Amino acid sequence: MLTLIFFRAMAKGKIGDFKGAIIDYKKVIQREFENADAHYFMGLAKLELKQFKEALLDFNVAINIRNNHIDAIFSRGCLKEQFNDLKGALNDYDSVIKLDSNVADYYLKRGNLKLKMGQKKSGNSDLLRYEDLKLIANKNK
């Protein structure tokens with residue numbers, strides 16, 4: 001039953017019914033609070049509704065439940081960067097790269113952030129790593 005509600009919530013999110021998705025994610029969370037993915041996806045739905053503080057709280061809960069929830073950490077970092085918490089965003093980008101160092105977009109986000117923070121050498125190094133990973137991905141297609 002919970003699985004059906006969870007997938008219904010995901011489907012609602014995909015068709016743009018973010019309020020409906022949130023209602024269903026809340027139902028899942030009421031019965032299974034430790035479902036990190038429900039908190040994460042509810043946070044994404046709240047982002048779409050521009051409920052930024054609430055989304056951040058949902059990402060935090062997902063990470064507290066599963067400290068290696070890479071999607072929640074990355075999304076939280078993007079949100080922190082958007083609201084000028086650059087140090088917090090950098091910490092989150094560092095964390096996702098520690099968890100998976102083969103995702104080009106992580107290096108792109110961190111490299112651009114470092115440049116914004118005046119860390120030119122380190123930022124450029126990340127952007128070079130981004131380019132390398134993109135080349136590898138294109139060769140493997």
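So if I check each of Lys87, Lys116, which one is in contact with a Gly (Cβ under 9 Å, 6 or more places away or on another chain), open to solvent by 30 Å² or more (accessible area, probe 1.4 Å) and of a type in the set (Lys, Arg)? It is Lys116.
Using the structure shown, decide if Asn102 is open to solvent by less than 60 Å² (accessible area, probe 1.4 Å) and either touching a helix residue (DSSP H, G or I) at 6+ places or on another chain (Cβ under 8 Å) or in contact (Cβ under 8 Å) with a residue 12 or more places away in the chain (or both).
Details: open to solvent by less than 60 Å² (accessible area, probe 1.4 Å): no; either touching a helix residue (DSSP H, G or I) at 6+ places or on another chain (Cβ under 8 Å) or in contact (Cβ under 8 Å) with a residue 12 or more places away in the chain (or both): yes.
No; evaluated as a whole, the condition is false for this residue.
The number of residues in the range 1-21 being assigned to a helix (DSSP H, G or I), within 13 Å of Glu48 (Cα to Cα) and open to solvent by 100 Å² or more (accessible area, probe 1.4 Å) comes to 2. Exactly one residue out of Asp132, Asp126, Asp100 is out of contact with any Leu (no Cβ under 9 Å at 6 or more places or on another chain), farther than 24 Å from Met42 by Cα and not basic (Lys, Arg), and it is Asp132.
Quick check on Asp24: is it under 27 Å from Asp105 (Cα atoms), buried (at least 16 other Cβ atoms within 10 Å of the Cβ) and of a type outside the set (A, V, I, L, M)? Spell out how you get there, then give the answer.
Working: under 27 Å from Asp105 (Cα atoms): no; buried (at least 16 other Cβ atoms within 10 Å of the Cβ): yes; of a type outside the set (A, V, I, L, M): yes.
Spelling it out, it is not the case that Asp24 is under 27 Å from Asp105 (Cα atoms), buried (at least 16 other Cβ atoms within 10 Å of the Cβ) and of a type outside the set (A, V, I, L, M).
Can you tell me which residues in the range 125-141 are of a type in the set (S, T, N, Q), assigned to a helix (DSSP H, G or I) and farther than 17 Å from Asp94 by Cβ? Residue satisfying the conditions is Asn138 alone.
Residues of the range 22-35 include at least one that is of a type outside the set (Asp, Glu) and either within 27 Å of Asp94 (Cβ to Cβ) or in contact with a Cys (Cβ under 9 Å, 6 or more places away or on another chain) (or both). Exactly one residue out of Ile63, Ile15 is more than 30 Å from Met117 (Cα to Cα) and out of contact with any strand residue (DSSP E or B) (no Cβ under 6 Å at 6 or more places or on another chain), and it is Ile15. Name the residues in the range 27-37 that are open to solvent by less than 100 Å² (accessible area, probe 1.4 Å), part of a helix (DSSP H, G or I) and not charged (D, E, K, R), would you? Hits for the range 27-37 are Val28, Ile29, Ala36. Among the conditions (1) within 26 Å of Arg110 (Cβ to Cβ); (2) open to solvent by 60 Å² or more (accessible area, probe 1.4 Å), Leu56 misses just one, which is (2). Here Ala104 fits the description: aliphatic (A, V, I, L, M) and over 13 Å from the mean Cα position of the chain (by Cα).
Table: residues versus (1) aliphatic (A, V, I, L, M); (2) out of contact with any helix residue (DSSP H, G or I) (no Cβ under 8 Å at 6 or more places or on another chain).
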residue	(1), (2)
Lys50	no, yes
Ala62	yes, no
Leu79	yes, no
Gly88	no, no
Val96	yes, no
Gly118	no, yes
Ser125	no, no
Ile136	yes, yes
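The values are calculated or read from the model by the stated rules, or taken from the named source; none is laboratory data. Small disclaimer: the values here were computed from a predicted structure and weren't measured. Every residue, glycine among them, receives a Cβ derived from its backbone with ideal geometry; neighbour counts consider all protein chains shown. Just the protein is used for accessible areas: all its heavy atoms, side chains included, with ligands, DNA and RNA removed. Shrake-Rupley method; radii C 1.70, N 1.55, O 1.52, S 1.80 Å.
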